[in-house]
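For reference, the structure discussed in these notes is given below.
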Amino acid sequence: MRVLVTGGAGFIGSEVCRHFISRLGLDVVVLDNLSYAGNLASLAPVSSSPRYAFEKGDICDRDTVESVFRTYEPGAVVHLAAETHVDRSIGHAEVFVRTNLLGTFTLLDVSRRYVERNPGVAQSFRFVHVSTDEVYGSLGAEGAFTESTPYDPSSPYSASKAGSDHLAKAWHRTYGLPVMVSNCSNNYGPCQFPEKLIPLMILNALEGKALPIYGNGLNIRDWLYVEDHARALATILAKGRPGETYNVGGGNEKTNLDVVRQICSLLDRLQPTDKSYEELISFVEDRPGHDQRYAIDASKLEGELGWRASETFETGIEKTVRWYMDRADWWRPLREGVYSGKRLGLIGQGVA
Ligand SMILES: NC(=O)c1ccc[n+]([C@@H]2O[C@H](COP(=O)([O-])OP(=O)(O)OC[C@H]3O[C@@H](n4cnc5c(N)ncnc54)[C@H](O)[C@@H]3O)[C@@H](O)[C@H]2O)c1
């Protein structure tokens, strides 16, 4: 089967491609417009595989999407292409609305017409819409998001993802397109663009720069190693029931401050200097609309489909820190080019 992976040059998308091609022996075609977050270097491990094809293009452009469907006749879509950084969405919401809503609509609509025209694929075709737990809003001190938690997004990013989830579910209910929606907690691991908390902190620490923590650092996220997410998406694709939503998470709740402290203590061990890296921590103005806590109840995915996270935060974060220490060839061009680490997402500030 050939899988169309949108956003395959991004952080999670490239892990999905590496996993699907190298571990599962699936054929993959990537559709990605190579925005600032897309990086072909992340696809280098599979780029010479006969199972891999790449098309540069915008998911909002119907002609492009139709041409990819005509050329590759995919048996499934795993849709990851999106604008993904909350801070950027605060300064520049429009591109989030365009890509996340119009782009998802375009893919859904081209998919349904393709399935209608091709009775041969109609039975087995699947569309996995990859989304975030941020659509559920913020939790208090107790409890976790389930698949029936009402949507309550806070940021332009999460609102645009929430809207795209509704479109995906509507294309199932109205047109019968076999869509599954996954809502995953925060991911970390190799090849994450260094604007997100974990790679930003690792790289700033390696360069002896300040480690800026928003607010009091006590906001809680539920971390999942990216390879576990790729395995979850493969499981949902193979065994998920059309029309269903699956929450994905590893049960690793941490405050942002604890995450940064853990990175510092790993670096103290792996690359010691005369001072602890913790001395670089500095508290900065909070993110507007900063959700306090996310936690995922993944028992449906675990119980019904048999998926389980295999990395703990401790094992995953050590692999991640070591990866960034070894792969300056991957991140240095980004830090010297599209994004140097500047603060984003303060109202009225714009983006780098
Ligand atoms: N990173 C997380 O922690 C996380 C958690 C849960 C869900 N998600 C979801 O997973 C998906 C992937 O996230 P990520 O962190 O890998 O994102 P990313 O920002 O690293 O990558 C996004 C990719 O989409 C591509 N893209 C952007 N706009 C496009 C367009 N108009 N047409 C074609 N391609 C386009 C980019 O070039 C890039 O390769 C997103 O849908 C995101 O909402 C992410």
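Answer yes if at least one residue in the range 106-114 is open to solvent by 40 Å² or more (accessible area, probe 1.4 Å) and either away from the ligand (no atom under 11 Å from the Cβ) or within 18 Å of the chain's Cα centre (by Cα) (or both), and no otherwise.
Scanning the range 106-114, I find at least one residue that is open to solvent by 40 Å² or more (accessible area, probe 1.4 Å) and either away from the ligand (no atom under 11 Å from the Cβ) or within 18 Å of the chain's Cα centre (by Cα) (or both), so the answer is yes.
What do you reckon, is R335 within 23 Å of the chain's Cα centre (by Cα) and either in a helix (DSSP H, G or I) or more than 30 Å from H92 (Cα to Cα) (or both)?
On the way: within 23 Å of the chain's Cα centre (by Cα): yes; either in a helix (DSSP H, G or I) or more than 30 Å from H92 (Cα to Cα) (or both): yes.
Yes: the conditions hold for R335.
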Q: Kindly indicate whether any position in the range 163-180 is open to solvent by less than 10 Å² (accessible area, probe 1.4 Å), in a strand (DSSP E or B) and either more than 13 Å from the ligand (Cβ to nearest atom) or in contact with a Ser or Thr (Cβ under 9 Å, 6 or more places away or on another chain) (or both).
A: yes
R308 vs (1) in a helix (DSSP H, G or I); (2) open to solvent by 70 Å² or more (accessible area, probe 1.4 Å): all pass except (1)
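Let's see how each residue does on (1) closer than 30 Å to R112 by Cα; (2) open to solvent by 10 Å² or more (accessible area, probe 1.4 Å); (3) at pLDDT 95 or above:
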{"site": "L200", "(1), (2), (3)": "no, yes, yes"}
{"site": "L211", "(1), (2), (3)": "no, no, yes"}
{"site": "G250", "(1), (2), (3)": "no, yes, no"}
{"site": "I263", "(1), (2), (3)": "no, no, yes"}
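From the list G103, G38, which one is farther than 22 Å from R335 by Cβ, near the ligand (Cβ under 9 Å from one of its atoms) and either touching a residue at least 24 places away in the same chain (Cβ under 8 Å) or surrounded by fewer than 17 Cβ atoms within 10 Å (Cβ to Cβ) (or both)? Please lay out each step first, then the result.
Numbers: G38 fails: farther than 22 Å from R335 by Cβ.
One residue alone meets the criteria, G103.
The rows are residues; the columns are (1) surrounded by fewer than 19 Cβ atoms within 10 Å (Cβ to Cβ); (2) without any contact (Cβ under 8 Å) to a residue 24 or more places away in the chain; (3) charged (D, E, K, R); (4) within 15 Å of the ligand (Cβ to nearest atom).
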| position | (1), (2), (3), (4) |
| --- | --- |
| S49 | yes, no, no, no |
| I59 | no, no, no, yes |
| V65 | no, no, no, yes |
| R70 | yes, yes, yes, no |
| H79 | no, no, no, yes |
| V86 | no, no, no, yes |
| G91 | yes, no, no, no |
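The values are calculated or read from the model by the stated rules, or taken from the named source; none is laboratory data. From a predicted model like this one, the values you see are computed outputs, not experimental measurements. Ideal geometry is used to build each Cβ from the backbone, glycine not excepted, and the neighbour counts take in all protein chains shown. Each accessible area value is taken on the protein alone, full model and side chains, heavy atoms only, with ligands, DNA and RNA left out. Shrake-Rupley method; radii C 1.70, N 1.55, O 1.52, S 1.80 Å.
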